[in-house]
1. Provide a single number: the residues in the range 165-187 that are crowded, with 18+ Cβ neighbours inside 10 Å and aliphatic (A, V, I, L, M).
2. Where the second residue is in a strand (DSSP E or B) and the first is buried (at least 19 other Cβ atoms within 10 Å of the Cβ) and lies in the range 188-199, which pairs have Cβ atoms under 6 Å and are six or more apart or on separate chains?
3. So which pairs qualify, if the first residue must be in the range 243-267 and within 30 Å of Arg148 (Cα to Cα), the second must be among the aromatic types (Phe, Trp, Tyr) and assigned to a helix (DSSP H, G or I), the Cβ gap must be under 9 Å, and the two must be at least 6 apart or on different chains?
4. Out of the residues in the range 16-42 meeting the condition of being of a type in the set (D, E, K, R) and exposed (fewer than 15 other Cβ atoms within 10 Å of the Cβ), tell me which one is farthest from Ile193 (Cα to Cα).
5. Pairs needed: first member in the range 95-119, in contact (Cβ under 8 Å) with a residue 24 or more places away in the chain and farther than 17 Å from Thr189 by Cβ; second member anywhere, of a type in the set (Gly, Ala, Ser) and not in a strand (DSSP E or B); C-beta distance under 6 Å; at least 6 residues apart or different chains.
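Derivation of every value follows stated rules applied to the coordinates shown; laboratory data play no part. Please read all numbers here as calculations on a predicted model, not as lab measurements. Because the Cβ atoms are built from the backbone with ideal geometry, glycine has one as well, and the counts that use them run over all protein chains shown.
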Amino acid sequence: MPNLKDLKNRIASVKSTRKITKAMQMVAAAKLRRAQEAAEAARPYTTRFNAVMGRLASSVGKAEGAPRLLSGTGADQTYLLVVLTAERGLCGGFNANIAKLAKQEATKLIAEGKTVKILTVGKKGRDSMRRDYGRYFVHHVDITEVKRIGYADAQGVATEVLNRFDAGDFDVAKIYFSEFENVVTQIPTAQQIIPADFDAPEDDDADAFYDYEPDEAAILADLLPRGVATAIFAALLENGASEQGARMSAMDNATRNAGEMIDKLTIQYNRSRQAVITNELIEIISGAEAL
């Protein structure tokens, strides 16, 4: 049984931990607001951009002469998995859930006889994927020094992916990230970016006629690389909000758990202290009676 000094030290240690987790929760709450606003502001642009691209893609199709980013290489043997995670931990299962989804996809593709290559953004994803799939790892994009994610950072990742595609390193590329829903819910998501896979445009303006200048194929050839960067940028923004939401929730749980532990240790300390006092009184009384 721990003595009074050990219990007192433990209580002080847990109280210090609670102060840290509470401070981290407040910082995450402040960052979450900005990250959530950025992610939500990007969604309408991404949705509209994809709708325009989907309309162009449906008119061009994937016939001969279509851009390679749309038609693909004609094969689906080699897959590039781009895993987007955070640079830091202490955010619950945020990083682990994204890595788990990517690992499940990698395991499935390998079982089907496909060639898998892994590119990571974020140290936590790199460490997790290297640990279990190190021989499939090909590159890591370091954004450690980036304080606030911008479009230029997404362009850097997109350039790396596009250069590898132009060099014939892979046939299909997918990105893995976490879509922000609310503070306690972040949904691990996979999205194919090469060849481009756009949803069919909605029918709200099906009667409208669009005349493109230059032709659809030329516009697609220019916009498709931007579409890759846009998809990665949107994913990074979603990740930013999801990370702060997960960290805020995790630190809140840690703060409450620390409080419960302090209460239990305090009760144990008081009981031990009372037992020591009782023993001392018994010794005093016994000594007095002996005289």
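1. 4
2. Pro188/Ser178; Ile193/Ala173; Ile193/Ile175; Ile194/Ala173
3. Glu243/Phe94; Gly245/Phe94; Ala246/Phe94; Arg247/Phe94; Ala250/Phe94
4. Residue satisfying both the conditions and the ranking: Lys19.
5. Qualifying pairs under 6 Å: Val116/Ala106.
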